[in-house]
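Beneath this line is the structure, given in structure tokens, with notes to follow.
The values are calculated or read from the model by the stated rules, or taken from the named source; none is laboratory data. Everything quoted here is computed from the prediction, not taken from an experiment. Positions of Cβ are backbone-derived with ideal geometry, glycine not excepted, and every protein chain shown enters the neighbour counts. The protein model used for the area step is the full one, side chains on, heavy atoms only, and it has no ligands, DNA or RNA in it. Shrake-Rupley method; radii C 1.70, N 1.55, O 1.52, S 1.80 Å.
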Amino acid sequence: MKLTKISTKSFLTLLSTVFIGFVGQTQTCLVDWTNKVPITIDNSAGDELTDYQIQLDLDTETPILLGEMESDGSDIRFTADGCCDQLCYYIESGINTASTIVWVNIPLIDAGATETIYLFFGNSDAEAASDAECTFTFYAGFDGDYTNFDYLCGSISDSTVMDGDLNLAWGSSGLIGSTMTFPMEEIYTAEMMSNGVSGNWPAIYWARETTKKNYGLMTNGSQARISLTGGGTDWCSGHNWASTLESYTSTEGLWSFTWRGTGDLIANFPTVGEITTDNSLYAKDEDLRLMIGGISSGSGSMDLDWVRVRKYAEVPPTYAIELPSTFEPGPPLDLGDEVIGCGEAVLDAGEGYEIFDWSSGGEDQIETVDESGTYTVTVTDGEGCYQEASVDVIVAPIYSIEVSETVCYGTSYTFPDGSTEEITETIINSSIFETETYGCDSLITTTVEVYEFSPELDLGDDIASCDDTVWIDAGDDFTSYNWTDGPATQIYAVDITDEYTVTVVDDNGCEQSESISVDFVVIDNETTLAGFTITANDADADSYQWLDCDDDYAVIGGETGISFEALMDGNYAVEITKGECVDTSACVNISGVSIAEDQPSLFSLYPNPTQGEVNLVFAENIGTVLIRISNVEGKIVQEFEHSSTNFNLNIEGEKGIYFLEVLTSEGNHVVKIIKD
């Protein structure tokens with residue numbers, strides 16, 4: 001067994017872990033516990049309390065008997081809300097009995113309010129979490145080396161820790177004090193569990209930190225009292241009475257001492273009960289220090305189980321243990337080991353929770369993220385239990401590449417997906433491919449546009465030329481020219497009717513091709529004469545116009561046929577038109593049409609010219625005569641016998657010149673008739 005002795009010259013001064021205010025347990029949610037019991041804290045008559053230690057009296061015998069609680073109480077837990085906000089607690093005594101004393105540190109109880117805390121139990125794998133140092137403002141349990149007291153004054157002859165007790169002895173006076181101080185604004189109760197004291201004035205003290213003036217709860221062997229420092233200035237200065245002397249029968253048990261304010265001190269002593277004083281010599285206007293030991297002349301000793309400090313409440317809150325409630329926490333939270341997504345990753349916290357809090361800001365079960373990293377979610381179920389989990393996320397990129405190209409009209413273009421198109425207009429192609437590492441589909445969007453021809457090749461309309469040579473011009477804005485079976489020049493001189501094709505290249509390197517037909521118009525301006533009729537040899541002309549050469553090539557009205565029959569002697573030509581081309585034949589001489597006519601007194605004839613009907617009126621009855629009609633070629637086309645003074649006839653045949661001949665016994669008479 002290890003013994004530790006504190007020297008009178010140098011009491012241990014190593015800093016200890018001191019708990020001022022509430023310090024919570026490790027925040028592990030109690031999802032593996034099976035029983036949940038609400039406990040209502042009623043502070044309706046009290047002031048606001050912070051980091052207050054409330055004492056509970058619980059029946060642990062029954063749940064242990066039913067197999068619902070571990071026999072050592074190691075599965076006991078308390079929470080402030082739900083099942084995660086665990087509270088510090090300390091099982092003081094009575095485990096597996098109907099009266100188990102448990103202290104619970106509650107961070108805040110509002111004035112005039114009620115709060116609910118929860119008792120959990122029922123987990124065979126739970127380790128004991130009862131912790132006095134976490135629960136009380138100050139606690140020294142003497143279960144090993146202790147460092148939360150310093151040597152203050154006097155002659156400490158013994159300070160041995162053994163079997164969880166502190167054995168402290170002094171020669172004349174001797175005090176040790178807490179390594180922490182206590183704010184004067186707060187009210188604390190100092191307590192120590194005594195196994196027995198002896199000698200002169202063993203006590204527990206509240207001392208002002210700066211002036212060292214103090215009050216103590218002490219005994220002289222048969223009586224207990226509250227005392228105060230006399231005129232000295234040291235921690236160990238002698239004391240005077242501050243209260244009445246109270247006789248006791250035992251010093252074993254709980255000593256309690258509270259400095260509530262100036263002139264207001266209250267103590268409790270074993271077998272005595274409450275001791276009070278209104279002594280106001282020393283104001284409570286400095287921070288306080290807790291001390292234990294003895295003062296004045298003579299030796300003394302004390303055997304202590306523990307020393308603690310807890311918050312004081314003038315009106316302590318009460319509590320009520322409610323019926324156990326159904327405890328149904330959410331399932332274990334598991335995000336998996338790793339999530340890989342393409343372009344984004346979808347994280348699923350799972351069902352069974354009411355609140356989701358993602359490190360990326362989301363508040364839903366499903367969270368979608370677009371960056372790689374470690375993501376954490378905290379979930380809270382309907383029982384108020386929260387769990388936290390993290391997962392590594394890889395967001396593999398989805399490449400979205402945009403490619404734009406401009407090509408020449410008609411170019412055969414192969415896209416990234418392997419498809420080929422002949423480009424005659426703007427085409428947008430979306431090609432999807434899979435990346436190698438994570439198998440994510442990526443996208444290449446290719447936009448292929450067509451160059452505007454600058455300029456556009458235009459050979460013009462097909463050409464019908466009356467000339468011998470035509471010059472075809474492809475324009476001067478191209479970098480190269482290539483005539484099919486022709487020169488590599490801008491202009492091509494041609495003299496043969498044909499279709500001509502040129503290919504040009506512009507500044508963008510784009511080729512254009514165009515063809516043009518060239519037709520050289522040939523007019524046959526020769527004529528053929530048959531009698532008094534002239535006929536143009538070119539039968540394919542678009543139009544004909546006969547001209548009077550003797551009248552300065554005047555147009556002969558109405559004569560637009562391929563042939564012309566002269567009505568009188570003269571020189572005649574024809575103007576032949578093909579398309580835009582016009583040519584005139586040589587003049588043709590006509591003679592013999594103007595035959596000398598009789599001016600007979602034997603008859604008269606009208607109308608002349610005529611449209612065909614002719615009236616002959618004879619001056620006298622000449623008997624039977626022969627009437628003969630001939631054309632300009634001398635061919636008889638009609639013949640009549642007539643014996644009266646009047647004769648009507650109709651000249652048959654086409655328009656033209658005819659000759660009417662009257663044959664009598666006395667001679668022949670000829671008259672020219674024009675039929676129009």
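Filtering the range 76-108 to residues that are open to solvent by 10 Å² or more (accessible area, probe 1.4 Å), aliphatic (A, V, I, L, M) and without any contact (Cβ under 8 Å) to a residue 60 or more places away in the chain leaves Ala80, Ile91, Ile95, Ala98, Ile101. Hey, among the residues in the range 130-170 that are of a type outside the set (S, T, N, Q) and open to solvent by 40 Å² or more (accessible area, probe 1.4 Å), which one's modelled with the lowest pLDDT? Out of the qualifying residues, it is Asp145. Just one residue in the set Leu265, Leu254, Leu290 is open to solvent by 30 Å² or more (accessible area, probe 1.4 Å), in contact with a strand residue (DSSP E or B) (Cβ under 8 Å, 6 or more places away or on another chain) and of a type in the set (A, V, I, L, M, F, W, C); that residue is Leu254. Of the set (1) of a type outside the set (Lys, Arg); (2) open to solvent by less than 10 Å² (accessible area, probe 1.4 Å); (3) modelled with pLDDT of 95 or more, all apply to Glu209 but (2).
Listed by first and then second residue, the pairs linking a residue in the range 314-340 that is under 30 Å from Val395 (Cβ atoms) and open to solvent by 80 Å² or more (accessible area, probe 1.4 Å) to a residue that is acidic (Asp, Glu) and assigned to a strand (DSSP E or B), with Cβ atoms under 8 Å apart and 6 or more places separating them unless they lie on different chains, are Asp337/Asp392; Glu338/Asp392.
The rows are residues; the columns are (1) without any contact (Cβ under 8 Å) to a residue 24 or more places away in the chain; (2) open to solvent by less than 60 Å² (accessible area, probe 1.4 Å).
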site: Thr527; (1), (2): no, yes
site: Thr535; (1), (2): no, yes
site: Gln545; (1), (2): no, yes
site: Cys549; (1), (2): no, yes
site: Gly561; (1), (2): yes, yes
site: Thr624; (1), (2): yes, no
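Residues in the range 464-475 that are open to solvent by 50 Å² or more (accessible area, probe 1.4 Å) and at pLDDT below 90: Ala464, Cys466, Asp467, Asp468.
When residues in the range 268-287 are screened for being part of a loop (DSSP other than H, G, I, E, B), hydroxyl-bearing (Ser, Thr, Tyr) and either open to solvent by 60 Å² or more (accessible area, probe 1.4 Å) or under 15 Å from Asn220 (Cα atoms) (or both), 2 of them pass. Inclusion of Tyr248 among residues that are surrounded by fewer than 19 Cβ atoms within 10 Å (Cβ to Cβ) and either closer than 27 Å to Arg310 by Cβ or not acidic (Asp, Glu) (or both) is warranted. Suppose we keep only residues that are exposed (fewer than 15 other Cβ atoms within 10 Å of the Cβ) and touching an Asp or Glu at 6+ places or on another chain (Cβ under 8 Å) within the range 395-416. Which one would you say is nearest to Thr116 (Cα to Cα)? Selected residue: Ser404.
Kindly establish whether Thr447 is surrounded by 14 or more Cβ atoms within 10 Å (Cβ to Cβ), assigned to a strand (DSSP E or B) and in contact with an Asp or Glu (Cβ under 8 Å, 6 or more places away or on another chain). So Thr447 does not fit the description; no.
With a requirement of 2 or more residues that are in contact with a Phe, Trp or Tyr (Cβ under 8 Å, 6 or more places away or on another chain), the strands (runs of 3 or more DSSP E) lying completely within the range 540-641 that satisfy it span 543-548, 563-565, 570-578, 588-590, 613-618, 625-631.
Of all residues in the range 294-313, those being in a loop (DSSP other than H, G, I, E, B) and at pLDDT 95 or above number 2. Of all residues in the range 621-663, exactly one satisfies the criterion of being modelled with pLDDT under 85, within 17 Å of Leu605 (Cα to Cα) and touching a Gly at 6+ places or on another chain (Cβ under 8 Å), namely Ser643. Filtering the range 477-510 to residues that are within 54 Å of the chain's Cα centre (by Cα) and either closer than 27 Å to Glu580 by Cβ or surrounded by fewer than 18 Cβ atoms within 10 Å (Cβ to Cβ) (or both) leaves Asp477, Thr479, Ser480, Thr503, Val505, Asp507, Asn508, Gly509.
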